[in-house]
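Below is one structure, written out as structure tokens; comments come after it.
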Amino acid sequence: MRTVCNFYSYVLNRAVDISVVVPSVTCPESLGLGGITPSHKLPAKFPVLYLLHGFGNNHAQWLGYSNVEMYAEEQRIAVVTMSAENKAYADAGADDFMRFVDEELPEFVCNYFPVSDKPEESYIAGLSMGGFGALLHGITHPERYRAIGSFSGGVGINPVTFVKDPMGSKGEEAPLPHEYDLAALADDAAAAGRTLPPLYIACGTEDFLFQANVDFRDHLVELGADVTWDEVAGFGHEWRFWDMQVEKFLDWIPRDDVYAKMGKRPV
């Protein structure tokens, strides 16, 4: 079941578009296949993946260019996408997307949909700019997410300049603030004895961000973080890779919820 919402954000002071996918009865279930009796009664709220888009995209791209809705139905997990413009999911400038993603978005979703607000049932992942966003939020607030995923993540993004010069072609330069330096934030967490959630980091070998992701992976491993790394030969910065990776991520995430115990289902 897919729902597109346009709601007023009290953090951003404007209307925001999001999409919410909530598992529902599938066709095979309605036919009684697999010995399953179809029902709309839910045994519990669904675990949720907050899935962040990349530069130039919005809430619709993940659902339009990948099969994530099918994967979510198979795995019985809700998926939430949002329109974050090109703001890198940070609070650089006038928009506080840090607070919106971490506080207001879950508050809205968990109050209007059968979606869990438990940290142990909440996951965050994204592609490119969204990979940076997922890492930024997951490392800054490790207590809020069970696991983090980054696919072709823009691990070196500086939100201060990214909005105006995303590819660095205009020569925009500014110091990288500590609060957006992923390596420094991971250092802070380690120094404070805060355990990061398990991280799934993937990048194609032909991606222009490949070496940056390798370097960031190595830094996390040196800090003792629980990192699963997937590099795939021949892939660049492309949707076929991200579709592959979001399916792998949903297979990989640690889960203890009631739906996970049911196993995958046909759709």
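For the stretch 92-113, does any single residue satisfy the condition of being under 30 Å from PRO266 (Cβ atoms), among the acidic types (Asp, Glu) and touching a residue at least 12 places away in the same chain (Cβ under 8 Å)? No, the conditions are met nowhere in the stretch 92-113. Scanning the stretch 186-211 for residues that are buried (at least 17 other Cβ atoms within 10 Å of the Cβ) and either in contact with a Ser or Thr (Cβ under 6 Å, 6 or more places away or on another chain) or more than 24 Å from PRO254 (Cβ to Cβ) (or both) returns TYR200, ILE201, CYS203, GLY204, ASP207, LEU209, PHE210.
Residues in the stretch 47-81 that are crowded, with 18+ Cβ neighbours inside 10 Å, part of a helix (DSSP H, G or I) and not charged (D, E, K, R): GLN61, TRP62, LEU63, VAL68, TYR71, ALA72, GLN75.
Take the conditions (1) without any contact (Cβ under 8 Å) to a residue 60 or more places away in the chain; (2) within 30 Å of LYS264 (Cβ to Cβ); GLU74 misses just one of them, which is (1). Evaluation of ALA44 against the conditions (1) surrounded by fewer than 20 Cβ atoms within 10 Å (Cβ to Cβ); (2) of a type outside the set (S, T, N, Q); (3) in a helix (DSSP H, G or I) shows that the sole unmet condition is (3).
Against the definition (closer than 27 Å to ASN13 by Cα, in contact with a strand residue (DSSP E or B) (Cβ under 7 Å, 6 or more places away or on another chain) and of a type outside the set (Phe, Trp, Tyr)), how does GLY133 come out, yes or no? Against the criterion (closer than 27 Å to ASN13 by Cα, in contact with a strand residue (DSSP E or B) (Cβ under 7 Å, 6 or more places away or on another chain) and of a type outside the set (Phe, Trp, Tyr)), GLY133 qualifies. Answer with yes or no whether GLU103 is assigned to a helix (DSSP H, G or I), buried (at least 18 other Cβ atoms within 10 Å of the Cβ) and at pLDDT 95 or above. It is false that GLU103 is assigned to a helix (DSSP H, G or I), buried (at least 18 other Cβ atoms within 10 Å of the Cβ) and at pLDDT 95 or above.
Of the helices (runs of 4 or more DSSP H) lying entirely inside the stretch 150-267, the ones with 3 or more residues being touching a helix residue (DSSP H, G or I) at 6+ places or on another chain (Cβ under 7 Å) and under 23 Å from ASP91 (Cα atoms) are found at 182-191.
Among the residues of the stretch 115-126, are any of a type in the set (Val, Ile, Thr), out of contact with any Ser or Thr (no Cβ under 6 Å at 6 or more places or on another chain) and either at pLDDT below 95 or surrounded by fewer than 21 Cβ atoms within 10 Å (Cβ to Cβ) (or both)? No, that holds for no residue.
Each row is one residue, and each column tells you yes or no for (1) closer than 18 Å to TYR112 by Cα; (2) β-branched (Val, Ile, Thr).
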residue: VAL4; (1), (2): yes, yes
residue: PHE7; (1), (2): yes, no
residue: LEU12; (1), (2): no, no
residue: SER24; (1), (2): yes, no
residue: CYS27; (1), (2): no, no
residue: SER30; (1), (2): no, no
residue: ILE36; (1), (2): no, yes
residue: ALA44; (1), (2): yes, no
residue: TYR50; (1), (2): yes, no
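When ALA92, ALA183 are checked against the criterion of being hydrophobic (A, V, I, L, M, F, W, C) and either in contact with a Leu (Cβ under 8 Å, 6 or more places away or on another chain) or farther than 30 Å from GLU247 by Cβ (or both), ALA92 stands alone in meeting it.
Applying the condition of being among the basic types (Lys, Arg) and at pLDDT 95 or above to the stretch 1-41 and asking which residue is surrounded by the fewest Cβ atoms within 10 Å (Cβ to Cβ) yields ARG14.
Residues in the stretch 232-250 that are surrounded by fewer than 19 Cβ atoms within 10 Å (Cβ to Cβ) and under 27 Å from ARG194 (Cα atoms): LYS248 only.
The single residue among ALA84, ALA88 that is within 25 Å of ILE139 (Cα to Cα), buried (at least 18 other Cβ atoms within 10 Å of the Cβ) and free of Cβ contacts under 8 Å to residues at least 60 places away in the same chain turns out to be ALA84. ALA84 - would you say it is under 15 Å from the mean Cα position of the chain (by Cα), at positive phi and assigned to a loop (DSSP other than H, G, I, E, B)? Here the answer is no, as ALA84 does not meet what is asked.
The values are calculated or read from the model by the stated rules, or taken from the named source; none is laboratory data. Nothing here was measured: the structure is a model prediction, and the numbers come from that model. All Cβ positions, even for glycine, are placed from backbone atoms using ideal geometry, and neighbour counts span all protein chains on display.
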